[in-house]
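What follows is a single structure, written as structure tokens, with notes after it.
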Amino acid sequence: MSFVSIRLPSAGSEVIDRARPVTFSWNGKKLKAFTGDTIASAILANGDHIFGRSMKYHRPRGVLTADFWDPNLFVQVDDEPNVRAAHRLVENGMKVTSQNVWPSLKYDVKAANGLVGRFLTAGFYYKTFMKPAKLWPAYERILARFAPGGEVDLDTPHGYYDKRYAHPDVVVAGAGPAGLAAAIAAARAGASVMLVEHEHQVGGHLLWGSDDDRAAAAGMLTDARNLGVEILTNSTVTGRYEDNWLGILQRNHHIAEERLIKARAKMLIVAGGLIERPYVFAGNDIPGVMTSGAVRRLITMYGIKPGTRAVVLTANESGDAAVADLERAGVEIAEVVDGRTGAFVRSAEGSGRGTNHRLSAVTLSDGTKIDADLLVTAVGWTAPTSLLNMSGDRPVYDPAAARFFPGKTPDNVLATGGMVGDGTHDQLVAHGAATGTLAAGRAAVVQHRLQAATARAAAVDGPEPDYPEDLRTPLGRDPHPALFRSTTHGMVDYSEDVSSKDLFGAAAEGFDSVELIKRFTTATMGPSQGKLETVNTVAVLAEARGETIAEVGTTVWRPPYAPITLGALGGRVFEPVRVSSIQSYHESKGATPILAGQWIRPEHYDDPQAEVTNTRTNVGITDVTPLGKLDLKGPDVPKLLSLLYTNKWMQLPIGGVRYGIMCAEDGVVLDDGVTARLGDEHYLMTTTSSGAGGVWNWIENWLQTEHPDWQVHVTPVTTGFTSINVAGPNSRKLMGRVVAGVDLSNEAFPYMNVRTGTVAGVDDCVMWRIGFTGELSYEIQVPAGYGLHVWEALLADGKDLGIAPFGLEAQRVMRLEKGHFIVGQDTDGLSKAPTTGMTGLLKLDKDDWTGMPEVKWALEGDYPHIVAIQPTDPNCVPEEACQILRGPESNEIVGRITSSRYSPTLNRSICLGQLSPEFAEAGTELTVLLVNGERVTAKVMKHHAHFDPEGERLRG
Amino acid sequence: MADAPVFQSPITNPTPAKGSLTLTDESELTKVSVRGAHIAVSFGTCEQRGDVLVVGSRPDEWTLLGPADAVAAVVSGLDLSGFASTTDITHSRLMIRLTGDDAARAMEKACGIDLSDAMTPNGAAVGASVAKVTCDVVRDDVVSDGREAVRSYRFLADRSFGQYFWDALRDCTAEF
């Protein structure tokens, strides 16, 4: 029987705008439709009724539910796969193609799967391709060709996906009559309300109801708007998490492809309505078999005549109304099968090949066979309780009503509408309104408590309101026959091609739990997320096992309520980056950037080896702004420093600088740095760049929890100062040209001292005589707003002194030449303080310091040592992390290279490494295993410093 | 000898906001952190005192915002008896102001704080993550005679985030 859908004459009920035509293409054919058409209604109106092929057997599929959940209508739109054709609105120029077919929808070679369908039962893949394991790559390549879905174009540009936070008093999920009424009542009670509707229009089933229904929906929409309800259509509450943290996906925002809203709602009202269940019988996936809701939507909203001669299986009012709608649309009613009388449909047959395949006959329970191109089923409902499940609720089956109902929800989640009961329009609206009022009342209590407890909030108005109890009159439950499966087997999960026969087979194999059978057969795991399939799955399993539906129970619906695109989840990502005040200079000189944490730093300007040589020979400057800096004030700062550092701090003079190692409570090195005493009760601590935040937290933790009696104020000032290291033999001369009011002579300003003064006209600079590079050097900390000014002044005044900037790489080479270890590189998460070799700084005669007991214990035993290492071959630079072995023939690891570089100063490779103590003696010969597998020899050096071990340069 | 130093903002490219909102770079204004002083401005609120906006940024900690180059004037008159301290954080923190009727809606795109009048009224101060940058947010609406107050927020964040933070806020203004 061939069938061509036709567009019905215009009616006031439709959502399409016939004055605004749209042109699009479907599998290469140019078609016309109207604004407001879904892709599915547009294709149907042009006479096609096959949209794609099923996942496994490649059976031709047509409209089943004609809404978001329709499992048969996934298409490719331009470069976007898996678009829901019954939901996505058609647009001018859209290129729509069928997916999961090859070479075409009409002639799909993969439909051959259907011929071997009886071998492709549940678990086929698990059982068939597990062994032999070595063949899996071959299996995988072949199976990949049968993977369902559309095609992803890897060249598609990433669209703009937005995010937003919201804090509404009440979120209403679902804008049918009850949801609308709830939103209106809550808003009238003073609540801020966000109303979220899955479909493009609010109104739910009123949209395909009577004129009075649509008028009611329009009136409520106007009321909601006038009350300031924020209405989000084509949007879905995708998940409910702790304390009503809600994910809401908005698909129709004007500046973004999609927007993910993270809402913290004081109350959530779930008004998701009911989803019509398909009926399970042989041939139930033949194109032309539809739910009553599908035909009603197609006729009323889109003006589509869905068939010419229909059989209607009805067990409820929706089926009865479908009969009336079909008659109004001019469809011949061949038979009405009343499921309330015990009659049912046994099976259906199709005829026609390729895209002409269509329902041709229906066999009823009494054996009567009726010719028809349309079979409409109205056999019952599924309450989409997903959001309630996510709140902890477990739905309860009511056999009299033949559906699940919500159980017990937390106080801040309420349900209303069809999912909690049946009733007239007025009863549903009344229940919704009562729910909205209740939600607003509870939200007001939550708001009062929040406001009263929040320092910044406005003062609360009066005493806390009474917490409203739930005094709503419950909706009734209409009796409904239990119609799940006929006497034949048919599709249960259309998305996954799982039939009732598969479920019986799985049950026979021993899969007795619905959660197990779900995973074994993949029933309910497709893009419909179980909305159409779960209850039928449970019913079939119950039948197979001879149990009741209540005994089988349901699977647990978890987030998301509906699938979310990866674009929306990944979306618009904030990735903060930090730069110093000198960044514009680095960029202007073409410095190679390196990302260090969040910081963008200049790795080098040209040749880092040349930068080293110039600094050792003349003078270099480098930007070390990320170095952590903490301003410490108060009389108890020395106590704090003594507690945090392993060495002594009570006698540090004003103008003095001291180096310290900081340990965690387990004795592991946490950080290191120098601290200066700037005034009587004023200190400036430096930390490693990566440790700045952590050390600040560490200090605050000690001050706030262990020593609140200590008078210390800590202020992070890392980027308040631009830090510039001036290093090299000419550094003092250069400093003399830019510094005012400070005697820079070695006698007046020796190594490990600090001074404050004016640099290049900038007051309040801090100058340190320290030397990470091992050179005579000064670290200048300049108020950051003037950092670039001082940097440029240094460069200008140092021209004749051979000044050149150097980057992070040159600094690393020089510190390695000097043998300075880096916390986190030369140490690790197990390196206790003794490993650093600085045992002279571990003052065990102090009363206490963090980590002291563990360090004392470590000193009594063996611990790895950081040592300087030089490969025998001066041109061999072992990669960092190379293993050090017990001997040339051994594979036993006794240490590793932690830092390595080629030193232009020494013209050889140099390293630091961690070694077992027995190998740490100076002169010990080592075997280093390179990454390429080669073994080379190296030697342990006497000092950490490869260069100037006596420190004459930095003290000079 | 170099030219006289001129304050350089961390926002090197202050491209104007899009739409009806305005972004203003106020990084040059004086900012002083005060600890342990006797100031009758509660935590979580702010109060204008002459040229100085006193912000109760944390318990027992205030941030004073005043005209540029006026640290001494800003801290003058403070009761610093007992254990109290002041730290000039002008150079440590950037300050950006977002103003316009849709300022709260723009902020919703980057900040999880409840910005309703009840929870964050004019005069409120709150520590927040905005575009993944930890900052202090001060609601300081622009009030002019005879006109309705215009929503305005000041953001104080680590200086090093300057241009990133400006660009992130500007992006939030695009739809308004």
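Would you be able to say whether some residue in region A:466-473 is at pLDDT below 95, within 22 Å of A:Leu246 (Cβ to Cβ), in contact with a helix residue (DSSP H, G or I) (Cβ under 7 Å, 6 or more places away or on another chain) and not in a strand (DSSP E or B)?
First, pick out the residues of region A:466-473 that are at pLDDT below 95: none.
Scanning region A:466-473, I find no residue that is at pLDDT below 95, within 22 Å of A:Leu246 (Cβ to Cβ), in contact with a helix residue (DSSP H, G or I) (Cβ under 7 Å, 6 or more places away or on another chain) and not in a strand (DSSP E or B), so the answer is no.
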Subject >> Members of region B:30-44 found to be surrounded by fewer than 19 Cβ atoms within 10 Å (Cβ to Cβ), more than 22 Å from A:Pro635 (Cβ to Cβ) and either more than 7 Å from chain A (Cβ to nearest Cβ) or not aromatic (Phe, Trp, Tyr) (or both), listed by number >> reply: B:Ala40, B:Val41, B:Ser42
Original post:
Yes or no: A:Gly150 within 14 Å of another protein chain (Cβ to nearest Cβ), surrounded by fewer than 21 Cβ atoms within 10 Å (Cβ to Cβ) and assigned to a loop (DSSP other than H, G, I, E, B)?
Top reply: no
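Scan region B:45-63 for residues that are at the interface with chain A (Cβ under 9 Å from one of its Cβ atoms), assigned to a strand (DSSP E or B) and either acidic (Asp, Glu) or out of contact with any Lys or Arg (no Cβ under 8 Å at 6 or more places or on another chain) (or both) and jot them down.
Once the filter is applied, which keeps residues that are at the interface with chain A (Cβ under 9 Å from one of its Cβ atoms), assigned to a strand (DSSP E or B) and either acidic (Asp, Glu) or out of contact with any Lys or Arg (no Cβ under 8 Å at 6 or more places or on another chain) (or both), region B:45-63 yields B:Gly56, B:Glu61.
If I filter region B:88-97 for residues that are in contact with a helix residue (DSSP H, G or I) (Cβ under 9 Å, 6 or more places away or on another chain), in contact (Cβ under 8 Å) with a residue 12 or more places away in the chain and away from chain A (no Cβ under 13 Å), do I get at least one hit? Show your work before the answer.
Pass one, region B:88-97, residues in contact with a helix residue (DSSP H, G or I) (Cβ under 9 Å, 6 or more places away or on another chain): B:88-94, B:96.
With in contact (Cβ under 8 Å) with a residue 12 or more places away in the chain added as a condition, the list becomes B:88-94, B:96.
Adding the requirement that they be away from chain A (no Cβ under 13 Å) leaves B:96.
Yes, region B:88-97 contains at least one residue that is in contact with a helix residue (DSSP H, G or I) (Cβ under 9 Å, 6 or more places away or on another chain), in contact (Cβ under 8 Å) with a residue 12 or more places away in the chain and away from chain A (no Cβ under 13 Å).
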**OP:** Filter region B:104-134 down to residues that are touching a helix residue (DSSP H, G or I) at 6+ places or on another chain (Cβ under 8 Å) and part of a strand (DSSP E or B) and give me whichever is nearest to the other protein chains (Cβ to nearest Cβ).
**Re:** B:Val133
Original post:
If we only count strands (runs of 3 or more DSSP E) wholly inside region A:331-410, which ones have 3 or more residues that are charged (D, E, K, R)?
Top reply: A:332-338
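For A:Val552, state whether it is in contact with a Phe, Trp or Tyr (Cβ under 8 Å, 6 or more places away or on another chain) and either closer than 26 Å to A:Asp502 by Cβ or within 14 Å of another protein chain (Cβ to nearest Cβ) (or both).
Numbers: in contact with a Phe, Trp or Tyr (Cβ under 8 Å, 6 or more places away or on another chain): no; either closer than 26 Å to A:Asp502 by Cβ or within 14 Å of another protein chain (Cβ to nearest Cβ) (or both): yes.
When the stated conditions are applied, A:Val552 does not pass them.
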Original post:
Only one of A:Leu227, A:Leu195 is surrounded by 19 or more Cβ atoms within 10 Å (Cβ to Cβ) and either among the hydrophobic types (A, V, I, L, M, F, W, C) or under 21 Å from A:Gly423 (Cβ atoms) (or both); which?
Top reply: A:Leu195
Subject >> Hits in region A:895-940 (condition: among the small types (Gly, Ala, Ser) and either surrounded by 22 or more Cβ atoms within 10 Å (Cβ to Cβ) or within 26 Å of A:Gln609 (Cβ to Cβ) (or both)) >> reply: A:Gly895, A:Ser899, A:Ser900, A:Ser903, A:Ser909, A:Gly913, A:Ala938
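Select the strands (runs of 3 or more DSSP E) contained entirely in region A:883-955, then report the ones holding at least 3 residues which are within 19 Å of A:Thr836 (Cα to Cα).
A:893-903, A:908-915
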Original post:
Of the residues B:Leu23, B:Leu80, which is surrounded by 17 or more Cβ atoms within 10 Å (Cβ to Cβ), more than 11 Å from chain A (Cβ to nearest Cβ) and more than 24 Å from A:Lys629 (Cα to Cα)?
Top reply: B:Leu23
Subject >> Candidates A:Val726, A:Val754, filtered to the one that is more than 10 Å from chain B (Cβ to nearest Cβ), farther than 26 Å from A:Glu611 by Cα and crowded, with 21+ Cβ neighbours inside 10 Å >> reply: A:Val754
Original post:
Condition test on A:Tyr160, is it aromatic (Phe, Trp, Tyr), over 20 Å from A:Gly417 (Cα atoms) and touching a Cys at 6+ places or on another chain (Cβ under 8 Å)?
Top reply: no
**OP:** Go through region A:820-850 residue by residue and tally those that are over 15 Å from A:Ser642 (Cβ atoms) and in a loop (DSSP other than H, G, I, E, B).
**Re:** 14
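Test of understanding: among A:Asn82, A:Asn100, which residue is buried (at least 20 other Cβ atoms within 10 Å of the Cβ), at pLDDT below 95 and under 18 Å from A:Phe146 (Cβ atoms)? I'd like the intermediate steps shown before the answer.
Working: A:Asn82 fails: buried (at least 20 other Cβ atoms within 10 Å of the Cβ).
Being buried (at least 20 other Cβ atoms within 10 Å of the Cβ), at pLDDT below 95 and under 18 Å from A:Phe146 (Cβ atoms) holds for just one of A:Asn82, A:Asn100, which is A:Asn100.
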Subject >> Hits in region A:831-858 (condition: without any contact (Cβ under 8 Å) to a residue 40 or more places away in the chain and either under 20 Å from A:His943 (Cα atoms) or in contact with a Ser or Thr (Cβ under 7 Å, 6 or more places away or on another chain) (or both)) >> reply: A:Pro834, A:Thr839, A:Gly840
Original post:
Taking interchain pairs and intrachain pairs at least six residues apart, which have beta carbon atoms under 6 angstrom, with the first residue in region A:775-797 and facing chain B (nearest Cβ under 7 Å) and the second buried (at least 23 other Cβ atoms within 10 Å of the Cβ) and at pLDDT below 95?
Top reply: A:Ala784/A:Thr719
Original post:
Name the residues in region A:436-465 that are in contact with a helix residue (DSSP H, G or I) (Cβ under 8 Å, 6 or more places away or on another chain), more than 11 Å from every other protein chain (Cβ to nearest Cβ) and farther than 20 Å from A:Ile184 by Cα, would you?
Top reply: A:Glu464, A:Pro465
Subject >> Failed condition for B:Asp145, given (1) farther than 27 Å from A:Gly247 by Cβ; (2) free of Cβ contacts under 8 Å to residues at least 24 places away in the same chain; (3) facing another protein chain (nearest Cβ under 9 Å) >> reply: (3)
**OP:** Identify, by number, the condition in (1) assigned to a loop (DSSP other than H, G, I, E, B); (2) surrounded by fewer than 24 Cβ atoms within 10 Å (Cβ to Cβ); (3) in contact with a strand residue (DSSP E or B) (Cβ under 8 Å, 6 or more places away or on another chain) that A:Pro287 doesn't meet.
**Re:** (2)
Subject >> strands (runs of 3 or more DSSP E) completely within region A:620-695 that count 2 or more residues being buried (at least 19 other Cβ atoms within 10 Å of the Cβ), away from every other protein chain (no Cβ under 14 Å) and not aromatic (Phe, Trp, Tyr) >> reply: A:657-663, A:669-679, A:682-687
**OP:** Exactly one condition in (1) more than 21 Å from the chain's Cα centre (by Cα); (2) surrounded by fewer than 16 Cβ atoms within 10 Å (Cβ to Cβ) is not met by A:Arg558; state its number.
**Re:** (1)
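Can you tell me which of A:Val738, A:Val712 is surrounded by 20 or more Cβ atoms within 10 Å (Cβ to Cβ) and within 30 Å of B:Thr134 (Cα to Cα)?
Step by step, each of A:Val738, A:Val712 is checked, and only A:Val712 is surrounded by 20 or more Cβ atoms within 10 Å (Cβ to Cβ) and within 30 Å of B:Thr134 (Cα to Cα).
Is one or more of the residues making up region A:257-279 touching a strand residue (DSSP E or B) at 6+ places or on another chain (Cβ under 8 Å) and closer than 29 Å to A:Pro9 by Cβ? Lay out the reasoning, then the answer.
Pass one, region A:257-279, residues touching a strand residue (DSSP E or B) at 6+ places or on another chain (Cβ under 8 Å): A:257-272, A:274-279.
Filter again for closer than 29 Å to A:Pro9 by Cβ, leaving A:276.
Yes: region A:257-279 contains one or more residues that are touching a strand residue (DSSP E or B) at 6+ places or on another chain (Cβ under 8 Å) and closer than 29 Å to A:Pro9 by Cβ.
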Subject >> Flag if A:Pro874 is surrounded by fewer than 18 Cβ atoms within 10 Å (Cβ to Cβ), touching a Gly at 6+ places or on another chain (Cβ under 8 Å) and either part of a helix (DSSP H, G or I) or not aromatic (Phe, Trp, Tyr) (or both) >> reply: no
Original post:
Of the numbered conditions (1) farther than 29 Å from A:Ala66 by Cα; (2) away from chain B (no Cβ under 14 Å); (3) aromatic (Phe, Trp, Tyr), A:Trp208 satisfies every one except a single condition; which is it?
Top reply: (1)
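The values are calculated or read from the model by the stated rules, or taken from the named source; none is laboratory data. Here the structure is a predicted model, which is why all the values come from computation and not from measurement. Here Cβ is always computed from backbone atoms with ideal geometry, including for glycine, and neighbour counts include all displayed protein chains.
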